[in-house]
Amino acid sequence: MAPTKPWAAKGVYRFRPVEVPMQTAWFSKPVAVSVGVTGSIHHLSNTQQAIELLTTHWRDAGSPKHQSALRACRRATSGDVSSDIAREAFVEAAREAHILIE
């Protein structure tokens, strides 16, 4: 019996990963945070910097606000949400983690 889809028999059917262009989403105003044991102040200007901090040096990693900020920053880098939404989510997470300089 012949296959119903001739291209499938030849192994032509393949999945190709879809590449989503990542872009740096810049904040309208930098966010100042105190980082590390020494409390050095960092001024974060974009979502890439925020993602780096959220994934490597975060006190309350896994909290709902941390997860929301990480998701918002990642979505902003793919253009799904505005950088202002990502910034606000990051500010709330930084406030919760007691690292926001206000």
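The table below lists the values:
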{"quantity": "Anisotropy class of region 35-102 from Cα gyration tensor, a/c 1.5 cut", "calculated": "prolate"}
{"quantity": "Accessible area of residue 92 in the full protein assembly, 1.4 Å probe (Å², nearest 10)", "calculated": "60 Å²"}
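The values are calculated or read from the model by the stated rules, or taken from the named source; none is laboratory data. Note that this is a predicted model, so its numbers are computed, not measured. These accessible areas exclude ligands, DNA and RNA; they are computed on the full protein's heavy atoms, side chains included. Shrake-Rupley method; radii C 1.70, N 1.55, O 1.52, S 1.80 Å.
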